[in-house]
Amino acid sequence: MKPIIPIALVRIVQLGVKSLLLHKMRSALTMLGIIFGVCSVIAMLAIGEGASHEAQEAIKKLGSSNVIIRSVKRTAESNSAGQNRRSFVAEYGLTYRDAARLQTTIPGVRRVLPLRIMRDDVRFSTISHPCQIIGTHPSYPEINGVDLLVGRFITETDERYQNNICAITLSLAESLFTGQNPLEQEVKIGANYFRVVGIVRERGTEQKRPQAGATEGQTIDANVYIPLSAARGRFGEVIFRRGAGSFEAEKVELHQLTLQFENPESVETAVPLIQRVLERFHERKDYELVVPLELLRQAERTKRIFNVVLGSIAAISLLVGGIGIMNIMLATVTERTREIGVRRALGAKKQDITTQFLVETVVLSVGGGLIGVAVGVITPVLVEQIAGMKTIITWWSVVLAFGISALVGVVFGLYPARRAADLDPIEALRHT
Amino acid sequence: MKPQSIIKLQGLQKTYDLGEVQVHALHGVDLEIEAGSFVAIMGASGSGKSTLLNILGCLDRPTAGRYWLGGDDVSTLDDDALSVIRGQRLGFIFQSYNLIDQLTVVENIHVPLFYQGRDLDVCWDQCVQLAELVGLGQRLDHRPKQLSGGQQQRVAIARSLVNDPLMILADEPTGNLDSQTGREVLDVLCRLNAAGKTIVLVTHGEEIAARAHRVVRMKDGLVDRDELNRTSVAVPTPLVAAR
């Protein structure tokens, strides 16, 4: 067999295109199967990738070398238990001793960041704004990802002397101090005055925390950060809350502990230890452990499953497209039996006929593949615009989709092409 | 000096195995055709005429016997080799023209060369000259569907010439044409023969066979009569394809 020189291949492709153009409608409809298949592979994977990327970003914000322990109020059960023991004050949650114990007993812990969260109104002159008062340590910005915009954050000195100072979030500063410099101004929280020393911005205001009393998971962007010692000294351990016709009190020392580890590896070994330590000192499970690393892994696993499911659906649609192509090509071979006979009579070998029909099928599928890639790249952009979902088009999904479409052409073109080539020239010439 | 035989058949047999019955289509045909001759093969249906044509056209292999085409024994060649022989040594003209719909006149003429690996760009002039030779110089870019039957058959004639074959096999070339157009097509064939082309014509029509120099009549798988045509008309103007 003579090797196929490139120019000959070009001619065969040209011939294929010519033959396909003979039935434009039929060719277009056949291609449609592949177009949708390729488009759905790319678009589905882009949407999946975008969704999981968002989830992973949210988790990464928590810090992959962190373990977060939150105080959880056990509703009915804990209430009755609390009432049995001490009047109406619900006592639960993490304690200062927990913080100290975890700091000393768990290997690999670099820092323990305690958090005490209260809800109250912050007042400046005549303006009052409900917000979240967070008592914490100076290391908070590093561990929780907060950017200092102006001034300073809480320092060790503030912590030691229970200084009445605070750092506030940008949005709170904007609503309290319209047109004034908030620095060195004093805001009133409850009965105490706190001097504003800095303005911060939380990275991603979507962060959710258990809040004393308030609906959990509410978006918070009005925060006041004060030294933990000041929070304890000025506000005490018991938080009262008055609602319409109800009166609640709860005693919580710490609402959240963030354990920062040396590296993500030590997190895994530490998690069971943390659980054992906490179990020993808490009768009821009034805390919950959030391990961002685990969440991340889970998210990755979910994403993989997601990709497999989406990929399979898309692959099936490509398969269906391929079967459509094969069907049409078989019809084409029957229809063009006489042409095949003529070509054989004029010197075409079986191989030439196989090549001709195979190339024709591949032109169909690759053409469909190219259009599909174009549509598939546009679709996620539209989805992002219209539905507001984040999408990420990965290069490998484009390559994969296109590759499969080309492969589909070869696989499903082979049978019709072989059938065409195996026709007896005499029979083929006699065919009407 | 006796002209050289380009075709020599010796004891050619063809048997179709249809399972329960065996059909003997050819019972041992001996035939020689000299270069430059114009032979008509005639015969009733079932006389083995079509089978003989298929074997002559290298589309089929004989069950027994030998077939020399241009000095080479082609009776035992395999499928690919036969394809090459067809492409290089034979020209075909069919009753129903058998042009390829998606190709233009020039491209249709070029098909046999395509399978010899010669690109249209290289042999464009040759194909155009042949189109001009059969009087279709103005219709190079037309598709078969845009041509009349006579014109299509002329394209087919041009196509059968493009590979400069040893022999042109014409199977009822005028069968689908009205008598006027058929005569014109036949004229073209006669003039090609006058220019030295060997033509083997299969036909039912006596008046068509009368144009040939020699008439071979088949009957029951054998050559029944093989006679020279003495009442042949005057030698027509040769139609020479420029080389």
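No value in this document is a laboratory result; all are computed from the given coordinates. The structure presented is a predicted model; accordingly, all values stated were derived computationally and were not measured. Because the Cβ atoms are built from the backbone with ideal geometry, glycine has one as well, and the counts that use them run over all protein chains shown.
Annotations for the structure displayed:
- Cα-based Kirkwood hydrodynamic radius, region A:371-422, one decimal, Å: 13.1 Å
- The mean number of Cβ atoms from other chains found within 10 Å of a Cβ in peptide B:85-92 is 3, as a whole number.
- Per-residue HN-Hα couplings for region B:118-126 [Karplus 6.51, -1.76, 1.60; θ = phi - 60°; Hz; x = Gly/Pro]: 9, 6, 4, 4, 6, 10, 4, 4, 4
- For region A:415-427, Karplus couplings with θ = phi - 60° (6.51, -1.76, 1.60), whole Hz, Gly/Pro x: 5, x, 5, 5, 4, 4, 5, 7, 4, 6, x, 5, 4
- Distant-in-sequence amide contacts of residue B:26, defined by a placed amide H-H separation under 5 Å and a gap of 5 or more residues or a different chain, comprise B:14.
- For the segment A:346-356, counting C-beta atoms of other chains within 10 Å of every residue's C-beta and taking the mean gives 6.
- Rough spin-label spacing in nm, given labels placed 7 Å along Cα→Cβ, for residue A:127 and residue A:183: 1.8 nm
- Under 5 Å from the amide H of residue B:118 lies no amide H of any residue 5 or more positions distant or on a separate chain, with H modelled from the backbone and absent for Pro and chain starts.
- Average partner coverage of A:334-345, which counts Cβ from other chains inside 10 Å: 5
- Residue A:415 paired with residue A:249, simple spin-label distance in nm, labels 7 Å along Cα-to-beta-carbon: 8.1 nm
- Within the protein assembly as shown: Cβ-based charge dipole about Cα centre, in debye rounded to nearest 20 (Lys, Arg +1; Asp, Glu -1): 920 debye
- Alpha carbon convex hull of the protein assembly as shown, projected area averaged over orientations, nm²: 49.1 nm²
- Distance violations [Cα-Cα > 28 Å] among B:145/B:219; A:188/A:251; A:73/A:390: B:145/B:219; A:73/A:390
- All Cα-Cα separations within chain B were binned at 10 Å from zero, giving a P(r) of 7, 32, 36, 20, 4, 0, each value a whole percent of the pairs.
- Gap separating the Cα centres of region A:150-204 and region A:344-408, nearest whole Å: 59 Å
- Two-site FRET efficiency, residue B:194 against residue A:407, from Cβ-Cβ distance with R₀ of 45 Å, rounded to 0.05: 0.20
- Taking 13 Å as the straight-line reach from the Cα of residue A:285, the aspartates and glutamates in range (excluding those fewer than 8 positions away in the same chain) are A:77, A:91.
- Computed from phi, the 3J(HN,Hα) profile of region A:277-292 under the Karplus parametrisation 6.51, -1.76, 1.60 (θ = phi - 60°) reads 4, 5, 4, 5, 9, 10, 4, 9, 8, 9, 8, 9, 9, 10, 10, x Hz, with x in place of Gly and Pro.
- Taking a straight line from the alpha carbon of residue A:60, these lysines sit under 16 Å away, with near neighbours fewer than eight places off in the same chain left out: A:208, A:303.
- DSSP bridge orientation in chain A - percent antiparallel, rounded to nearest 5: 75 percent
- DSSP-defined beta bridges in chain B - what % are antiparallel, rounded to 5: 60 percent
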